[in-house]
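Every read-out reported here was derived from the displayed coordinates using simple, explicitly stated rules and does not represent laboratory data. Note that the coordinates shown come from a computational prediction; the quantities given were computed from them, not determined experimentally. Reconstructed Cβ throughout: ideal geometry from the backbone, glycine too, with neighbour counts over all protein chains shown.
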């Protein structure tokens, strides 16, 4: 098998998983974003890379956003939202973050494959992306499956962009209006 065939198999897997996304969950997730005073985002590993891209686009949409742990991140307040990306919903550092947010009166939203996880039970909004977590490497139906949670991380990136497109439609934003908020010191 070559690179082209691997790429096609990856895209088929992502299409298969994306077909299981629940639009009602996504709509609730978007409602939490729209009503938040400030949005804090965090993920670990490759999920963290994907959520950083999402933070960037939320900023371009005009939301007040910060990555958790950045020196410029402000103090949280009730009415803020912490968005966590965690395939398992059990990443130790992210569980601690969710617990601290809830204790501070801050809502948590989770993008995950496991709604009934520790973080999922703490979250006000859970968006489930179907797939296999990093220690589950074979789909039950025997179909192609990427190793170590790669499909989740890829589907996160694509789903975050799909959420941005929906927010653009709801907020009347365009690429041109968003570009005004794009960094000019790079």
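Numbers at a glance
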quantity	calculated
Rounded to 10°, Cα long-axis angle of helix 150-171 versus longest principal axis of the chain	40 degrees
Relative packing of 21-32, 40-51, which averages over residues the other C-beta atoms within 10 Å, highest first	40-51, 21-32
C-alpha long axis of helix 3-18 to longest principal axis of the chain, angle in °	60 degrees
Burial ordering of 95, 4, fewest other beta-carbon atoms within 10 Å first	4, 95
D_trans [Stokes-Einstein, Kirkwood Rh over alpha-carbon pairs] for the stretch 93-134, 20 °C, 1.002 mPa s, µm² s⁻¹	205 µm²/s
Computed E for residue 116/residue 96 - FRET, C-beta separation, R0 22 angstrom, nearest 0.05	0.70
The stretch 1-79: proportion of alpha-carbon pairs further apart than 21 angstrom, %	47 percent
Nearest 10 degrees, 0 to 90: helix 45-60 Cα axis against the chain principal axis	40 degrees
For the stretch 33-127, the Rg and Dmax computed from alpha carbons only, in angstrom	11.9, 33
All-pairs Cα distance distribution in the stretch 41-186, expressed in whole percent, bin size 5 Å	2, 10, 18, 21, 19, 15, 9, 5, 2, 0
